[in-house]
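For reference, the structure is listed below as structure tokens.
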């Protein structure tokens, strides 16, 4: 898989095999990997009971909708590009208008993987020492981070 900036100010992801499509589809699966939504997990960090109650009633629904919309938009973009390519090598375009959704969905995926596997700082993780499932999850998390970095550097300026 190759990821590169475009002249239009976005990113182009070239899926070079069917496996690359599987990897891209994992973004939305990983974003939903936790039993509890990200908005709820954030709300659980609020220790003041009065504030926490207001947070759950007024903030969580809007956060949930925004987080879910970002993941849905990314899922649709991946599915559409995959269909256009017939599951074979093909391109996926992230426009400047789509970049915030992509950044958010990738962030949700990384946070969910961290919640499930507790990797901690990446420089302290030795992938070769991990069992296969956590190793693959760590690699996906690093891949998501790389795309986020490219989005920040080239699109979300």
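Worth a mention:
- Criterion: part of a helix (DSSP H, G or I), out of contact with any helix residue (DSSP H, G or I) (no Cβ under 9 Å at 6 or more places or on another chain) and either surrounded by 15 or more Cβ atoms within 10 Å (Cβ to Cβ) or modelled with pLDDT of 90 or more (or both) - qualifying residue of 146, 128, 112: 146
- Among the residues examined, residue 81 qualifies as touching a strand residue (DSSP E or B) at 6+ places or on another chain (Cβ under 6 Å) and surrounded by 17 or more Cβ atoms within 10 Å (Cβ to Cβ).
- Within the range 131-143, the set of residues being free of Cβ contacts under 8 Å to residues at least 24 places away in the same chain and crowded, with 17+ Cβ neighbours inside 10 Å comprises 134 only.
- Only residues that are assigned to a loop (DSSP other than H, G, I, E, B) and in contact with a strand residue (DSSP E or B) (Cβ under 6 Å, 6 or more places away or on another chain) were counted across the range 2-21, and they come to 2.
- Among the residues of the range 1-28, the one identified as without any contact (Cβ under 8 Å) to a residue 24 or more places away in the chain and closer than 24 Å to residue 69 by Cβ is 22.
- Residue selection: residue 24 fails the criterion of being within 25 Å of residue 117 (Cα to Cα), out of contact with any strand residue (DSSP E or B) (no Cβ under 7 Å at 6 or more places or on another chain) and surrounded by 15 or more Cβ atoms within 10 Å (Cβ to Cβ).
The values are calculated or read from the model by the stated rules, or taken from the named source; none is laboratory data. Because the structure is a prediction, the values reported are computed rather than measured. Because the Cβ atoms are built from the backbone with ideal geometry, glycine has one as well, and the counts that use them run over all protein chains shown.
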